[in-house]
1. Which of (1) under 30 Å from the mean Cα position of the chain (by Cα); (2) surrounded by 10 or more Cβ atoms within 10 Å (Cβ to Cβ); (3) at pLDDT below 95 is the odd one out, the single condition residue 95 does not satisfy?
2. Of everything in region 25-66 that's surrounded by 13 or more Cβ atoms within 10 Å (Cβ to Cβ) and assigned to a helix (DSSP H, G or I), which residue is modelled with the highest pLDDT?
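The values are calculated or read from the model by the stated rules, or taken from the named source; none is laboratory data. Note that the coordinates shown come from a computational prediction; the quantities given were computed from them, not determined experimentally. Here Cβ is always computed from backbone atoms with ideal geometry, including for glycine, and neighbour counts include all displayed protein chains.
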């Protein structure tokens, strides 16, 4: 395919020259560059059956329609299985995150309970100290 493109360009150059059309210097540079680029282009890939949904109603024979429909079913089954696996991974990751958050919540609840207990103990100590000072103040006032 590449050699046919280069051959086609070379035939065009020969035709222009044989018709008496001179090619300017810029034209020659452009032609040489295009020949070089054409020779480095990859050959077109042969047709491959790309998996996907096909329109099966265009098929004339029942065998080809059946084959087309089966190909569609296979493609959809593979897609469903792949998406199911992807979503299961996301669900598992979310469950792990939920478990981590639950343990963090338990830890925070324990910290809050400890702080409440410490606050109550501090309040009791303050109340006890105030109660000791209150009778002494009453005795001093009499």
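1. Only one criterion is unmet by residue 95, namely (3).
2. Kept after step one, since they are surrounded by 13 or more Cβ atoms within 10 Å (Cβ to Cβ), are these residues of region 25-66: 27, 31, 34-35, 38, 54, 56, 59, 65.
Among the residues that remain, those that are also assigned to a helix (DSSP H, G or I) are: 27, 31, 34-35, 38, 56, 65.
Numbers: 27: 68, 31: 64, 34: 69, 35: 64, 38: 65, 56: 83, 65: 90.
So, considering only residues that are surrounded by 13 or more Cβ atoms within 10 Å (Cβ to Cβ) and assigned to a helix (DSSP H, G or I), the one modelled with the highest pLDDT is 65.
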